[in-house]
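Participant: Here it is, the structure, as structure tokens.
Each reported figure results from applying straightforward, stated rules to the coordinates on display, with no laboratory input. Model, not experiment: these values are computed from the prediction. Note: ideal-geometry Cβ built from the backbone for every residue, glycine included; neighbour counts use all protein chains shown.
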Amino acid sequence: MEYKTVGKTGIKVSSLCFGTMSFGGNADKETSKAMFKRTREAGINFYDCANMYSKGIAEEILGECIADCRDEIVLTSKVYFPTSDDVNARGLSRRHIMLEVENTLRRLKTDRLDFYFVHKFDPDTPMEETLRALDDLQTQGKILYPAVSNWAAWQIAKALGISAKEQLARFELIQPMYNLVKRQAEVEILPLAQSEQLGVITYSPLGGGLLTGKYGVNKRPDQGRLVDQANYTERYRDEMNFEVAERFTSFANEMGVHPATLAVSWVMSHPSITAPIIGARNVAQLEYSLAALDIQMTSEMRKTISNLSITPSPATDRTEELL
């Protein structure tokens with residue numbers, strides 16, 4: 001296992017991060033603990049969670065998993081999405097953040113989070129309000145560093161400017177979506193991270209299952225996120241995505257590598273990325289992602305794979321600059 005430093009924090013993390021969204025949902029407690037054990041055997045020390053995963057059950061299971069190794073684990077969780085029907089039990093207000101961090105710490109059975117993500121942009125709360133609440137949590141020792149997921153580059157850049165001006169704790173880790181068919185992060189988010197020395201952990205390296213060999217132009221499984229979950233169906237509904245998946249699967253088969261393994265390896269190879277977040281429903285499925293550690297992704301191979309999908313236009317839309 002290779003270990004990388006998260007931005008300017010000095011914290012070293014495994015080059016794969018394990019996401020626990022399946023804990024208490026698609027994976028029961030026994031399966032979740034088996035996957036945790038396998039990731040530790042593989043050398044992973046970086047675990048991502050959120051207060052909304054399985055309505056808090058994922059944090060509870062993860063808390064049991066890390067009980068005897070907490071100080072060896074780099075731990076994250078998130079806040080934003082509704083936690084009840086109460087009108088204030090959502091968003092990035094100081095009130096919601098302060099209440100939810102306590103619930104998260106209790107479920108995880110720990111006294112601090114290494115990174116605490118704001119899970120989505122909140123148009124109803126001024127950034128200054130959110131950033132000052134996160135700064136207070138860092139001062140209290142309940143979080144070590146603020147982090148951000150699902151924000152646009154301009155929003156992250158604006159927040160960094162506010163933090164610098166007001167001398168508040170800044171975001172040190174970002175979490176965008178990134179995979180072979182969802183490459184928008186390449187345009188501004190990843191360059192921003194490189195410029196400002198931010199750590200980057202990316203989610204959905206398999207495109208919700210799209211890049212696992214189960215999908216193609218005229219190929220669909222009986223079940224799966226892209227079939228069963230409306231948000232994933234909408235996210236990947238463009239037919240071009242299935243054409244890319246089919247080309248990618250054929251390429252992986254020619255190489256003699258499982259598509260899931262190659263998809264994770266391709267994400268890992270981007271120079272701005274600290275670690276892709278991998279997840280699974282069971283240990284057998286997990287092995288395909290862990291196998292990415294054994295792939296030597298050359299620059300030529302990365303370029304060939306990248307050419308299987310559409311490279312997004314630069315931020316200026318001057319496509320001639322891609323030549």
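Participant: Among 121, 115, which is assigned to a strand (DSSP E or B) and either under 26 Å from residue 273 (Cα atoms) or out of contact with any Lys or Arg (no Cβ under 9 Å at 6 or more places or on another chain) (or both)?
Facilitator: After ruling out the rest, the residue left standing is 115.
Participant: Identify, by number, the condition in (1) surrounded by fewer than 17 Cβ atoms within 10 Å (Cβ to Cβ); (2) over 28 Å from residue 21 (Cα atoms) that residue 287 doesn't meet.
Facilitator: Exception for residue 287: condition (2).
Participant: Might you check whether a residue that is surrounded by fewer than 18 Cβ atoms within 10 Å (Cβ to Cβ) and in contact with a Gly (Cβ under 7 Å, 6 or more places away or on another chain) occurs anywhere in region 229-241?
Facilitator: no
Participant: Just give me the residues in region 126-180 being more than 22 Å from the chain's Cα centre (by Cα), on the phi > 0 side of the Ramachandran plot and of a type in the set (S, T, N, Q), in sequence order.
Facilitator: Residue satisfying the conditions is 167 alone.
Participant: Only one of 56, 25, 63 is part of a loop (DSSP other than H, G, I, E, B), of a type outside the set (A, V, I, L, M) and either without any contact (Cβ under 8 Å) to a residue 60 or more places away in the chain or within 26 Å of residue 176 (Cβ to Cβ) (or both). Can you tell me which?
Facilitator: 25
Participant: Ok, one more. In region 182-253, which helices (runs of 4 or more DSSP H) lie fully inside it and hold 1 or more residues that are closer than 23 Å to residue 269 by Cα and either under 17 Å from the mean Cα position of the chain (by Cα) or free of Cβ contacts under 8 Å to residues at least 24 places away in the same chain (or both)?
Facilitator: Per the criteria, 189-196.
Participant: Follow-up. Restricting attention to region 148-171, does a residue exist that is out of contact with any Phe, Trp or Tyr (no Cβ under 9 Å at 6 or more places or on another chain), surrounded by fewer than 17 Cβ atoms within 10 Å (Cβ to Cβ) and not in a helix (DSSP H, G or I)?
Facilitator: Within region 148-171, one or more residues are out of contact with any Phe, Trp or Tyr (no Cβ under 9 Å at 6 or more places or on another chain), surrounded by fewer than 17 Cβ atoms within 10 Å (Cβ to Cβ) and not in a helix (DSSP H, G or I).
Participant: Can you pull out the residues in region 93-112 that are without any contact (Cβ under 8 Å) to a residue 40 or more places away in the chain, under 22 Å from the mean Cα position of the chain (by Cα) and assigned to a loop (DSSP other than H, G, I, E, B)?
Facilitator: 112 - this is the single residue of region 93-112 that is without any contact (Cβ under 8 Å) to a residue 40 or more places away in the chain, under 22 Å from the mean Cα position of the chain (by Cα) and assigned to a loop (DSSP other than H, G, I, E, B).
Participant: Report whether or not residue 9 is over 22 Å from residue 208 (Cα atoms), hydroxyl-bearing (Ser, Thr, Tyr) and part of a helix (DSSP H, G or I).
Facilitator: So residue 9 does not fit the description; no.
Participant: For region 38-50: of the residues being in contact (Cβ under 8 Å) with a residue 12 or more places away in the chain and more than 11 Å from residue 76 (Cβ to Cβ), which is surrounded by the most Cβ atoms within 10 Å (Cβ to Cβ)?
Facilitator: Top of the filtered list is 39.
Participant: Could you please tell me which pairs satisfy a Cβ distance under 8 Å, a separation of 6+ or placement on different chains, a first residue in region 292-311 that is under 20 Å from residue 241 (Cβ atoms), and a second residue that is of a type in the set (Ser, Thr, Tyr)?
Facilitator: From residues that are under 20 Å from residue 241 (Cβ atoms), the pairs are 302/269.
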